[in-house]
Ligand SMILES: Cc1cc2nc3c(=O)[nH]c(=O)nc-3n(C[C@H](O)[C@H](O)[C@H](O)COP(=O)(O)O)c2cc1C
């Protein structure tokens, strides 16, 4: 039941909802927009009808358009967005403190707005929200790595994990999580159309928004390899559902420093079709 409702007092019959529906299931005929019952199954719950309506006449899924944030004239300008994107860096030095729970929740609440294939919205965020918990996890993963190394069981191509283990054991240098207080794994059911893509887009969204709140992030391919490939028992310990594909991992927290300027990249390799 998708609860598509149109307020006849507010609807101007402009047709915007009809034109913008990606599955083209909204009809107008002579009266208000409506979705024939036999077409309801075609709705993929994207809320385009609710968000495109200029007068706030359309409600779907029981959602009141008055609870959406207005967008006209309030979006960040291009210069600010450009600076945010160009100023983002992989952060590898962190303050030894937890993020405030409200801040962490806000990051996740915004990251879940990232687009997903067929609007599946199935990306699952597995969070280590406390630095003490991450310290225990790291200790146990390092111990697991130590055992693999001792038993000569590091798979070909991943022997370099022995260096990370030694850095930790001998010098207390944490290359796996970069000393971050928090860790996030995004995963999604293997059964959806674009599980990995959805996860990567969610993490990218998380990372960019995190910056605006003074939170640093680092994509954590090493921890992902350790957890997902080398020591899969940690997938279970983290509580990642068995039927999920792990999309990626990210460590994050308050940076122990700030970057003074942007890097200088480009030009991008571009091929224009002849
Ligand atoms: C998919 C991916 C995996 C990464 N894995 C790691 C990692 O395991 N450890 C690490 O310190 N940095 C990791 N990074 C960070 C990259 O090294 C970093 O993004 C790159 O050097 C560019 O630096 P910048 O992000 O500061 O612009 C990863 C980045 C990406 C995109």
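Over the range 97-246, all Cα pairs binned in 5 Å intervals from 0 give whole-percent P(r) values of 2, 9, 18, 20, 19, 16, 10, 5, 1, 0, listed from short to long. Build a GNM of the chain with springs between Cα atoms under 10 Å apart, and of 205, 72, 12 the one that fluctuates most is 72. GNM remark for the chain: springs join alpha carbons under 10 Å apart, and the peak mean-square fluctuation among 129, 163, 77 falls on 77. Here the label points at residue 84 and residue 69, each 7 Å from Cα along the C-beta direction, are separated by 0.9 nm in the simple model. Taking only the C-alpha atoms of the range 20-100, the Rg (one decimal) and the largest Cα-Cα distance, Dmax (whole number), read 20.1, 64 Å.
If each DSSP helix of 4+ residues adds -39,500 (n - 2.57) and the sum is divided by the residues in the chain, what number results at 222 nm, nearest 500 deg cm²/dmol?
Calculated at 222 nm, the ellipticity per residue is -9500 deg cm²/dmol.
PRE reach from residue 264 (point 7 Å along Cα→Cβ): which of the range 52-96 fall under 18 Å by backbone N? Residues passing the 18 Å test: 83, 86-88. The residue 167 and residue 133 beta-carbon pair, evaluated with R₀ = 25 Å, returns a calculated FRET efficiency of approximately 0.70. Where in the range 192-215 does the label zone of residue 242 land, with the point 7 angstrom along Cα→C-beta and an amide N cut-off under 20 Å? Residues 192 qualify, since their backbone N sits under 20 Å from the label point. The range 5-67 gives an Rg/Rh value of 0.91, both radii derived from C-alpha positions and Rh following Kirkwood. Among 208-221, 20-33, sorting by the average number of other beta carbon atoms lying within 10 angstrom of each residue, highest first, gives 208-221, 20-33.
Tell me the Kirkwood radius of the chain: reciprocal of the mean inverse pair distance over distinct alpha-carbon atoms, in Å.
21.8 Å
By DSSP, the beta bridges lying fully in the range 81-253 are antiparallel in about 95 percent of cases. The length gained on full extension between residue 40 and residue 256, counted as 0.36 nm times the residue separation minus their Cα-Cα distance, comes to 72.6 nm. Just to be sure I understand: with springs between alpha-carbon atoms less than 10 Å apart, which residue in 231, 71, 184 has the highest mean-square fluctuation in the Gaussian network model of the chain? In the Gaussian network model the winner is 71. The modelled label-to-label distance between residue 27 and residue 208, using points 7 Å beyond Cα along the C-beta direction, is 3.9 nm. Helix 131-150 and the longest principal axis of the Cα set of the chain meet at an angle near 60°. The range 200-259 to the range 22-39: how many Å between their Cα centroids? A separation of 42 Å, based on Cα centres.
What number, in percent, do you get for the relative contact order of the range 81-253 if the mean sequence gap of Cα pairs under 8 Å and at least 6 apart is divided by its residue count?
Once divided by the residue count of the range 81-253, the mean separation gives 35 percent.
Coordinate-derived values only; no laboratory data. Computed from a predicted model, the values in this text were never measured in an experiment. For neighbour counting, all protein chains shown are included, and Cβ atoms are generated from backbone atoms with ideal geometry for every residue, glycine included.
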